[in-house]
Structures are given as structure tokens and as C-alpha cells.
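Enquirer: Dumping the structure here so I can ask a few things about it.
The values are calculated or read from the model by the stated rules, or taken from the named source; none is laboratory data. Note that the structure is a prediction, hence the values are computed from the model and not measured. Note that we place each Cβ from the backbone using ideal geometry, even for glycine, and neighbour counts take in every protein chain shown.
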Amino acid sequence: MTVAQPPTTPAPPALELSKVVKSFGAVVALRSGTVTLEQGSIHALIGENGAGKSTLVKIIAGLYRRDAGTIKLRGEEVDFHSTAQSKAAGIAVIYQEPTLFPDLSVTENIFMGRQPTNRFGRIDRKAMRAEAQEIFARLGVSIDPDRITEGLSIADQQIIEIAKAISLDARVLIMDEPTAALSGVEVERLFAVARSLRDEGRALMFISHRFDEVFALCDTVTVMRDGSYIATEAISETSVDELVRQMVGRDVAELFPKLPAEIGDEVLVVEGLTRTGVFHDVSFSVRAGEIVGLAGLVGAGRSEVARAIFGVDPYESGRVTLAGTALPKGNPRVAMARGLALVPEDRRKQGLVLDESVSRNVTLAIRDSLATAGLITNRTENAAAAVWASRLEVKTASLDAETGTLSGGNQQKVVLGKWLATEPKVLIVDEPTRGIDVGTKSEVHRLLSELAQQGMAILMISSELPEVLGMADRVLVMREGWLTGEFPRSEATPETVMFAATADKEEAK
Amino acid sequence: MTATAAPPAKPGTSAASRAVSHLFKARETGIVIALLLVIVVATIVNPNFLFSSDGFRDLLLTPSLLLLVAVGQAVVIITRNVDLSVGSVLGLTAYLTGRLFIDVPGIPIIVVFIAGIALGAALGLINGALVAFAKVPALVITLGTLYVYRGINVAWTGSDRINASDLPAAFRGLGTGQILYIPILTIIAVVVLVIAAWVLRNLRSGREFYAIGSDPDAAHLYGLRVTRRILTAFLLSGALSGLAGVLYAARYGTVSSQAGTGWELQAIGAAVIGGVAISGGVGTLWGAAIGAYLLLTINRALPILGIQDFWQRAVVGALIIGAIVLDRVLALRQSRKLLEIREEGR
């Protein structure tokens with residue numbers, strides 16, 4: 001077939017996806033993925049969590065196969081069956097979590113699978129090392145090419161991923177939220193590298209939740225929502241408000257139904273919590289009826305603090321006081337008994353027993369109180385579970401259904417139900433709405449708001465700025481293990497919170 | 001930025017002195033020292049341990065077969081798998097060797113070697129295919145084939161056994177013969193070791209074994225041919241066990257249906273003692289080979305040192321646990337050090 005060329009661009013686009021569809025069973029992850037990457041240009045792909053961005057990336061990478069639609073590379077239709085094929089076609093993908101080999105050296109990580117060899121197939125270590133050094137010099141970074149990759153910061157690991165792409169001479173570079181865990185200086189360094197790659201004529205795709213970055217770095221932007229293509233615009237012809245409207249597709253206010261609550265006494269007090277290399281001197285308190293948002297970048301140490309408070313992880317110094325009495329270190333059982341609940345970040349691995357029924361999961365944390373002489377009957381279990389399932393409006397065929405068959409949003413409700421059943425005084429929720437659809441999201445928000453109104457103290461960890469700003473009475477910000485900001489609701493703006501989360505320590509002081 | 005720059009190499013640091021410092025840091029150095037220590041102590045107690053022609057020969061000879069099996073095992077472990085069937089593979093090929101000499105009079109020795117290695121490779125390939133395609137953990141698959149292969153062996157052998165008289169003298173000579181005081185079996189084992197270690201260090205395919213074991217998901221994203229490498233690792237382990245099986249017949253002359261029982265655990269023990277991480281991605285074949293020597297030399301030294309029979313196994317067990325604890329402590333110390341460097345760099 002002939003490719004129709006737009007008159008303004010003589011060169012065919014580096015990569016062009018049109019109406020790509022992908023479903024997993026009954027769930028449609030990508031309804032209509034359409035995006036065009038021009039050579040020598042940086043294109044932004046934005047959308048809420050669950051908008052289908054990652055699925056799109058994985059299709060480009062050859063990790064998933066599309067169900068329908070077309071992919072064209074420099075005007076020619078392609079079909080990738082494996083990551084090796086997309087790589088060979090000159091596409092490099094940098095995932096949010098760098099995927100490197102921790103036990104191998106930095107140099108080996110860059111060249112694995114295509115090391116320079118001599119005539120006998122022997123790896124030419126000298127040449128390999130020299131090339132790695134050359135790439136690092138070009139990128140203006142100093143990473144020891146001989147050290148093992150384990151222990152490198154996320155920023156440096158991303159540099160290695162980029163070095164990999166450069167050594168491959170990739171023409172198309174996809175970066176899936178590369179800045180999620182980077183500090184301000186590191187972001188600047190990454191952007192400088194990205195711009196120089198663009199100027200060499202490569203096509204880049206940049207996925208980010210941060211609008212300032214999108215506007216600072218990119219030339220064009222595509223918005224996705226609920227697995228569908230919404231719009232593509234030149235960065236110069238759009239605005240943050242416009243993009244937000246396209247992304248959310250509805251009024252933001254209705255997503256965060258914040259109810260007025262009476263703020264009472266301090267229930268949870270954390271003083272000087274420290275664990276070397278993870279978090280340092282973290283002090284804060286949460287009052288009854290208050291929702292405290294804990295914002296920050298991925299990897300800032302927020303979940304680790306929550307786990308330490310709950311007693312799952314150790315800490316070296318500091319203390320945690322719950323309702324006036326000190327909480328012993330490293331003892332979740334006591335923490336639970338005293339009225340502390342932790343809804344973890346990864347509900348599938350840490351929050352649920354996916355193979356068990358909904359009612360088993362809901363009653364998991366209150367088994368002891370349900371048991372008569374040590375025995376639990378299905379009837380008592382179902383009765384207790386039914387209360388919470390109906391209160392949280394869990395959508396399931398029956399309470400006996402395997403929890404793994406529920407949608408993400410309903411699974412999250414089951415985890416919430418499990419902890420609410422323990423009737424906690426303090427509820428810590430870690431990323432309560434990650435990966436769930438917009439409708440369920442606002443239900444979860446409404447629930448949290450109601451709980452606070454009834455006097456529960458809530459600590460909400462969230463990486464989604466609108467959620468923190470929309471829900472919290474007070475916002476705490478962490479950066480690289482330090483508490484770098486505290487703002488009352490009135491003073492918390494995207495700018496102040498983002499600055500505290502990303503600015504360098506020197507600047508923040 | 002948080003990158004930690006390497007301390008610039010001091011001017012005048014010669015390649016030789018770097019090699020020496022590398023030698024001191026290498027995990028293998030520790031076990032070599034332990035091995036020498038065992039030999040020295042045992043020799044002081046009983047000089048015949050080293051200074052008799054039999055003593056010296058046994059020192060080199062006894063661990064040679066285990067070395068072959070341990071090298072194959074180490075490759076499999078480096079890919080984050082394990083091969084529990086090696087003892088059964090060894091038993092089957094040892095019996096095959098005897099049967100070939102009995103049933104095919106005048107069969108050339110080299111044909112027997114090829115047949116043994118081929119049978120081992122085929123059995124290894126079955127393991128590899130089950131692990132790579134059925135996506136069942138290697139521990140379970142090879143536990144199954146351990147019993148299946150042994151069962152075939154018992155059904156085939158029955159109460160029969162191969163005796164030394166069934167084997168041609170030239171073949172048996174391989175098991176006891178020496179060249180320049182070095183046993184032929186040891187020479188074969190070391191040649192295999194040198195080649196395999198070279199491949200693992202210098203060829204792309206060799207490095208990919210490490211990559212796959214270090215992070216299988218990343219290996220997949222890198223576009224490495226994970227399935228093929230895992231098949232190769234098990235094939236190699238099977239082939240080396242097959243070779244060891246043929247040599248077993250040459251060395252001991254007698255082969256019953258129970259030959260090689262328990263070797264899988266010794267081979268894993270040797271690899272672990274030698275610094276091959278059971279979680280994959282770390283370790284060298286040289287380490288595994290020295291581990292095999294340490295394991296069996298201690299076994300022989302303990303009776304000389306007057307340690308009672310039933311304590312000997314406990315000592316071997318303590319050695320394995322000690323090696324793992326040591327590796328864990330070193331790994332923790334290293335990750336802590338890297339973390340501190342990162343914190344300072346801020």
C-alpha cells in the first residue's frame with residue numbers, strides 16, 4: 001500500500017501507531033492507540049493512570065502483540081513478535097523501573113547480548129569498556145564502568161538505560177516516566193541528554209505526569225484517556241488547563257469530594273524516625289478527623305516510613321506514639337491491636353490473598369474476634385464480610401468469588417474493607433487509587449472523607465498530586481528520605497508541593 | 001548527581017599489582033586457602049596424605065569426577081535454576097558404558113565416550129525443555145527426573161552389575177593411569193573446566209547465562225534468547241554428567257543400579273562452597289571446581305584427623321552453611337557500603 005504523506009513533512013514519521021487495540025480477556029486496556037513520533041522531535045504522551053500509556057509502550061517494545069491497528073516504522077508497516085525484533089528495528093524503551101542486571105558490571109549491562117567481539121567471538125573487553133566511557137563522556141556523567149550495577153541510584157540506572165539506547169544507535173527512544181524518581185538536578189541532566197539526542201535526529205517519546213516537564217522538554221503532545229486517543233497538539237498551542245481537561249474529561253472537583261470534619265487530638269505521633277539510607281529524622285503527627293497527605297516522588301521513602309510505623313520494617317532510632325502510648329518497634333500485631341491499619345501500596349501482593357474468596361479476605365484481619373473456640377464458620381465469615389462489602393459497594397458475583405477475579409478498583413475496596421473491619425483509630429493508606437478507574441477512584445475518595453468525618457485519623461500516601469491536594473487537610477512532602485515540606489491545605493499548591501518534592505536539598509533549605 | 005566516580009587509577013599502578021589485588025579480593029582465593037590448609041593439616045598428622053604416591057594421586061583423582069558434574073551444575077545454577085538429576089544421569093551413563101562393552105565386543109572406546117556424553121546430553125535436554133517450555137521451577141522438574149532416570153536405571157539393571165572384568169583393560173587404564181604423575185581423569189576434568197570457564201567469561205553466550213540468572217525479566221526485556229540459553233545450560237550439565245558417568249565406570253570398574261546416588265547434592269554443595277550464588281548470576285566455574293576439591297578432600301582428611309564417621313557429614317554441612325553465611329555477610333556489607341557512598345555523594 002502507498003503511504004499518504006502530509007505535504008509539510010517530507011520525511012516519513014519515525015514511528016506511527018494508528019488505532020492500535022489490545023485487550024486482556026474481557027478487559028480492554030487499549031481501545032484506540034494513536035500516536036506519531038517525528039524524527040528529531042520529542043513527543044509527550046500524557047494521560048491518567050490506566051489511560052493505556054504503558055500498554056501502548058509495551059506494544060511498541062514488542063512485549064505485547066496488538067489485537068488490531070497498524071504500526072509503521074519510517075513509513076513501513078511492522079509487526080514485532082519479540083523485544084529482540086523491536087530492538088533490532090532501532091527502538092529502545094526505557095521503563096519506569098530500570099531493568100538491569102544487578103550482579104553484572106555497568107559496561108556489561110550496556111552491551112549485554114551485543115558485546116563487541118573479535119574474530120573468534122571472544123568479547124573485546126577493552127573496546128567495550130572504552131565505548132562505555134566514551135558514551136558516558138558524551139552524556140557528561142561519571143559512572144564507573146567497572147562497578148556492579150547493584151546500588152546505583154535510579155537516576156544513574158536510567159543513564160545506563162540511555163547509554164544502552166545510544167550504543168544501539170536507536171532511532172526511536174521511548175521513555176516511560178523516567179523522571180518519576182529523579183531530583184531536580186537529575187531531571188535537568190536527563191533533559192540535556194534528551195535534547196542532544198533529539199538534535200541528532202532521533203525521535204523521542206516522553207511519558208510524564210508533570211506538566212512543567214512536558215512543557216519544558218517536548219515539542220508535541222498526545223493525550224490519552226480510558227485507553228483511547230483524545231488529541232494531539234503542538235506544545236506551543238496548548239495549555240495546562242487544556243491538557244488537564246482533555247485528560248480527566250470531567251470537572252476535577254467532583255473527583256475529590258472533601259467533606260468538612262472536626263479535627264481532634266493528635267492520635268499518631270512520629271518523632272525522629274531514622275533508618276540509614278532509607279529515611280532520616282522523620283517527625284510528624286496526625287490528628288483525629290484529619291487527612292494528612294504524604295506526597296513525594298516514587299522512591300522518596302514514604303512507603304518505607306509507613307511500613308516502619310506499622311512495624312513491618314525496622315528502624316534505627318525515633319519513636320512512634322499511638323493515642324498517647326508508645327508503639328513497640330517491629331510488631332505489627334500490637335500495632336493492629338492498638339488500632340493502626342496499613343493498606344499497602346501493592347494490593348495484589350501485599351494486600352490480598354488473590355486465590356481466596358472475597359469474604360475470607362475481608363475477614364482476614366479480624367479472624368480472632370470471629371472465631372468461636374478457635375473455629376470460624378463460613379456463616380460468621382460471610383455475615384461479617386457482607387457488612388463491609390455492602391458498605392463499600394464491592395461489585396462481585398458473590399462473596400465466595402475468588403478475589404483475583406475482581407477488577408482493580410473492587411480489589412482495592414476489599415483491602416480497605418479488610419482493614420476497616422478492624423475498626424482502626426489510624427488508617428494509613430498507600431497509593432489508595434493507583435491503577436483503578438476514575439469512577440471507583442471518587443468512591444474511594446468519598447469513603448476516606450467520610451471516615452475522617454467520623455473521627456478517624458488518616459495518613460494518605462499518594463504520588464498523584466491532584467489527589468493529595470484535593471483530599472488532604474495538611475500535606476507533608478518527602479524527598480530522598482527527608483521530610484522537606486509541610487503545608488496546610490490553604491498553602492498547598494502544585495508548585496509548592498512539587499518544589500519540596502524535587503528541589504535540591506541546598507535550595508530547599 | 002549521585003554517580004560515584006571510580007577513584008582514578010593511581011599513576012604507576014601496574015597491571016601486575018592490580019592483578020594481585022584482584023586475586024586477594026576474589027571469592028575463590030578464600031577456598032583455595034581453605035583447601036591448602038586442609039591438605040597441610042592432614043599431611044602434618046599423617047605425611048602419607050600427600051607424600052605417598054597413592055596419597056598424591058588420590059588427592060588429584062578423587063574429586064575429578066565431581067568436578068565435572070559440579071561445573072555443569074554451576075552453569076545451571078548461574079542461570080537461576082538447579083539440576084537435581086545429575087546423579088541419576090551419571091548412574092545411567094555409567095551403566096550404559098558397561099553394557100556397551102559387554103554387548104558390543106570390540107567397540108572402540110571413543111564410541112563409548114560419545115554414546116555416554118550423548119545420552120547425558122539427551123537427558124539434560126529433557127530437563128531443559130521441561131523447565132524452559134513448561135515454565136515449572138527446575139527444582140520440581142529435576143526432582144522428578146531424578147526419580148524417573150533412576151527408575152529407568154533400576155529397571156534396566158535389575159540386580160545385575162557391571163564388573164571390572166567386563167571392561168577392556170585399556171579403558172580401565174584411563175581410570176587409574178597417569179601422565180607425568182597427573183591422573184588422566186584429572187587432566188580430562190581440568191581441560192573441560194578451562195574450556196567451559198573460558199566460554200563463560202569470554203563469549204556472549206557465556207555472559208548471557210549470568211544475565212539470565214541475575215534478572216530473568218530484564219533478560220527478557222533485553223531480547224536475550226532466554227529459552228535457548230536455559231536449554232543449553234541443562235544440556236551441558238547433562239553432557240558433563242554423562243562424561244562423568246563414563247569415567248566413573250573406568251575409575252571404579254563396578255557399576256550397580258545405585259551408582260551416582262547423592263552426587264547431585266555434592267555437586268550443588270561444591271558450587272555453593274565455591275561461591276556460586278544459589279540465586280543465580282554470581283560465581284565462577286573455577287570456584288565450583290575448587291569447591292569440589294575442598295569438599296572431597298575434607299571428606300578424606302577427616303578420618304585421618306580422627307574425626308568420627310558420623311561427624312564427617314556434619315562437618316561438610318557446616319562448611320556449606322558457612323559458605324552461604326559468608327556470601328550473605330559479604331553481600332550485605334557490600335550493599336551497605338554502596339549505600340553509604342551514595343549518601344556521601346549527595
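Enquirer: Applying the selection to the range A:105-114, what residues are surrounded by fewer than 21 Cβ atoms within 10 Å (Cβ to Cβ) and within 16 Å of B:Ser205 (Cα to Cα)? Give the steps one after another, and end with the answer.
Expert: To start, the set of residues in the range A:105-114 that are surrounded by fewer than 21 Cβ atoms within 10 Å (Cβ to Cβ) comprises A:105, A:113-114.
Within the range A:105-114, A:Gly113, A:Arg114 qualify.
Enquirer: Which residues, taken from the range B:215-237, are on the phi > 0 side of the Ramachandran plot and at pLDDT 90 or above? Explain how you work it out, then say what you get.
Expert: First, pick out the residues of the range B:215-237 that are on the phi > 0 side of the Ramachandran plot: B:223.
None - no residue of the range B:215-237 is on the phi > 0 side of the Ramachandran plot and at pLDDT 90 or above, so the list stays empty.
Enquirer: Now for a different question. If you scan the range A:256-283, which residues turn out to be surrounded by 18 or more Cβ atoms within 10 Å (Cβ to Cβ) and out of contact with any Gly (no Cβ under 8 Å at 6 or more places or on another chain)?
Expert: Result: A:Val267, A:Leu268, A:Val269, A:Arg275.
Enquirer: Right, here's the next one. Which number in (1) without any contact (Cβ under 8 Å) to a residue 24 or more places away in the chain; (2) crowded, with 20+ Cβ neighbours inside 10 Å; (3) within 30 Å of B:Leu50 (Cα to Cα) marks the one condition that B:Leu185 misses?
Expert: (1)
Enquirer: Return only the number of the condition from (1) at pLDDT below 90; (2) in a helix (DSSP H, G or I); (3) more than 14 Å from chain B (Cβ to nearest Cβ) that A:Ser449 does not satisfy.
Expert: Evaluating A:Ser449 over (1) at pLDDT below 90; (2) in a helix (DSSP H, G or I); (3) more than 14 Å from chain B (Cβ to nearest Cβ) leaves (1) as the failure.
For every residue, the table says whether it meets (1) in contact with a Lys or Arg (Cβ under 8 Å, 6 or more places away or on another chain); (2) small (Gly, Ala, Ser).
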| residue | (1), (2) |
| --- | --- |
| B:Thr254 | yes, no |
| B:Trp263 | no, no |
| B:Gly269 | no, yes |
| B:Gly275 | yes, yes |
| B:Gly287 | yes, yes |
| B:Ile290 | no, no |
| B:Leu294 | no, no |
| B:Thr297 | no, no |
| B:Arg300 | no, no |
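Enquirer: Still on this model: Could you list all residues from the range A:452-472 that are more than 15 Å from the chain's Cα centre (by Cα) and either part of a helix (DSSP H, G or I) or surrounded by fewer than 20 Cβ atoms within 10 Å (Cβ to Cβ) (or both)?
Expert: Matches in the range A:452-472: A:Ala452, A:Gln453, A:Gln454, A:Gly455, A:Leu469, A:Gly470, A:Met471.
Enquirer: Sticking with this one: Could you tell me whether any residue of the range B:255-265 is farther than 16 Å from B:Arg150 by Cβ and modelled with pLDDT under 95?
Expert: no
Enquirer: Oh, and also: Just give me the residues in the range B:261-281 being closer than 15 Å to B:Ser241 by Cα and more than 14 Å from the chain's Cα centre (by Cα), in sequence order. Even if it seems obvious, please write down each step before you answer.
Expert: Just the residues of the range B:261-281 that are closer than 15 Å to B:Ser241 by Cα, to begin with: B:261-268, B:270-271.
Residue satisfying the conditions is B:Thr261 alone.
Enquirer: Among the listed residues B:Tyr210, B:Tyr222, identify the single one that is within 14 Å of another protein chain (Cβ to nearest Cβ), free of Cβ contacts under 8 Å to residues at least 12 places away in the same chain and either among the aromatic types (Phe, Trp, Tyr) or touching a His at 6+ places or on another chain (Cβ under 7 Å) (or both). Steps first, answer last, please.
Expert: Numbers: B:Tyr210 fails: free of Cβ contacts under 8 Å to residues at least 12 places away in the same chain.
After ruling out the rest, the residue left standing is B:Tyr222.
Enquirer: Follow-up question, since we're still on this one. Can you tell me how many residues within the range A:178-195 are among the basic types (Lys, Arg) and either within 12 Å of chain B (Cβ to nearest Cβ) or buried (at least 17 other Cβ atoms within 10 Å of the Cβ) (or both)? If you could, list the steps in order and put the result at the bottom.
Expert: Filtering the range A:178-195 for residues among the basic types (Lys, Arg) gives A:189, A:195.
Within this subset, residues satisfying the condition of being either within 12 Å of chain B (Cβ to nearest Cβ) or buried (at least 17 other Cβ atoms within 10 Å of the Cβ) (or both) are A:189.
Looking only at that region, the number is 1.
Enquirer: So B:Ala196 clears everything in (1) closer than 18 Å to B:Gly238 by Cα; (2) touching a Ser or Thr at 6+ places or on another chain (Cβ under 9 Å) except one condition, right? Which one?
Expert: Checking B:Ala196 against (1) closer than 18 Å to B:Gly238 by Cα; (2) touching a Ser or Thr at 6+ places or on another chain (Cβ under 9 Å), the one that fails is (2).
Enquirer: Also, I was wondering about something else. Where in the range A:167-273 are there helices (runs of 4 or more DSSP H), lying fully within it, with 3 or more residues that are without any contact (Cβ under 8 Å) to a residue 12 or more places away in the chain? Even if it seems obvious, please write down each step before you answer.
Expert: On the way: elements: A:184-199, A:211-217, A:240-248.
By residue number, A:240-248.
Enquirer: Now, a different point. So A:Ser228 passes all but one of these: (1) in contact with a helix residue (DSSP H, G or I) (Cβ under 8 Å, 6 or more places away or on another chain); (2) of a type in the set (S, T, N, Q); (3) more than 29 Å from A:Ala84 (Cβ to Cβ). Which condition number does it fail?
Expert: Only one criterion in (1) in contact with a helix residue (DSSP H, G or I) (Cβ under 8 Å, 6 or more places away or on another chain); (2) of a type in the set (S, T, N, Q); (3) more than 29 Å from A:Ala84 (Cβ to Cβ) is unmet by A:Ser228, namely (1).
Enquirer: Return the residue satisfying two criteria in turn: it lies in the range A:121-148 and is more than 9 Å from chain B (Cβ to nearest Cβ) and assigned to a loop (DSSP other than H, G, I, E, B), and of such residues it is farthest from B:Leu203 (Cα to Cα).
Expert: If we take residues in the range A:121-148 being more than 9 Å from chain B (Cβ to nearest Cβ) and assigned to a loop (DSSP other than H, G, I, E, B), then A:Gly140 is farthest from B:Leu203 (Cα to Cα).
Enquirer: How many residues are part of a strand (DSSP E or B), of a type in the set (A, V, I, L, M, F, W, C) and touching a helix residue (DSSP H, G or I) at 6+ places or on another chain (Cβ under 8 Å) if we restrict to the range A:327-376? First the steps, then the outcome.
Expert: Quick first cut of the range A:327-376, residues part of a strand (DSSP E or B) only: A:340-343, A:357, A:372, A:375.
Now narrow it down to the ones that are of a type in the set (A, V, I, L, M, F, W, C): A:340-343, A:375.
If we keep only those that are touching a helix residue (DSSP H, G or I) at 6+ places or on another chain (Cβ under 8 Å) as well, we get A:340-343.
Qualifying residue count, the range A:327-376: 4.
Enquirer: Now, a different point. Going through the range A:58-108 one residue at a time, which ones are of a type in the set (D, E, K, R) and over 22 Å from A:Ala11 (Cα atoms)? Break it down stepwise before answering.
Expert: First, the residues of the range A:58-108 that are of a type in the set (D, E, K, R): A:58, A:65-67, A:72, A:74, A:76-77, A:79, A:87, A:97, A:103, A:108.
Listed by number, the residues that qualify are A:Lys58, A:Arg65, A:Arg66, A:Asp67, A:Glu97, A:Asp103, A:Glu108.
Enquirer: Among the residues of the range A:418-438, are any in a helix (DSSP H, G or I), out of contact with any Lys or Arg (no Cβ under 6 Å at 6 or more places or on another chain) and without any contact (Cβ under 8 Å) to a residue 60 or more places away in the chain? Can you show your working first?
Expert: The first filter runs over the range A:418-438 and keeps only residues in a helix (DSSP H, G or I), leaving A:418-420, A:438.
Subsequent filtering for residues that are out of contact with any Lys or Arg (no Cβ under 6 Å at 6 or more places or on another chain) retains A:418-420, A:438.
After this cut, where a residue has to be without any contact (Cβ under 8 Å) to a residue 60 or more places away in the chain as well, the list is none.
Within the range A:418-438, none of the residues are in a helix (DSSP H, G or I), out of contact with any Lys or Arg (no Cβ under 6 Å at 6 or more places or on another chain) and without any contact (Cβ under 8 Å) to a residue 60 or more places away in the chain.
Enquirer: Identify the single condition in (1) more than 14 Å from every other protein chain (Cβ to nearest Cβ); (2) within 15 Å of the chain's Cα centre (by Cα) that B:Ile195 does not satisfy, given that it satisfies every other one.
Expert: For B:Ile195, the failing item is (1).
Enquirer: Select the helices (runs of 4 or more DSSP H) contained entirely in the range B:259-345, then report the ones holding at least 1 residues which are within 13 Å of another protein chain (Cβ to nearest Cβ) and small (Gly, Ala, Ser).
Expert: On the way: elements: B:263-273, B:285-304, B:309-345.
In the range B:259-345, B:309-345 are the helices (runs of 4 or more DSSP H) which contain 1 or more residues that are within 13 Å of another protein chain (Cβ to nearest Cβ) and small (Gly, Ala, Ser).
Enquirer: For the condition over 28 Å from the mean Cα position of the chain (by Cα), within 9 Å of another protein chain (Cβ to nearest Cβ) and among the aliphatic types (A, V, I, L, M), what is the one hit in A:Ala84, A:Ala88? Don't jump to the end; show me each part of the working.
Expert: Values: A:Ala84 fails: over 28 Å from the mean Cα position of the chain (by Cα).
Only one candidate passes the filter, namely A:Ala88.
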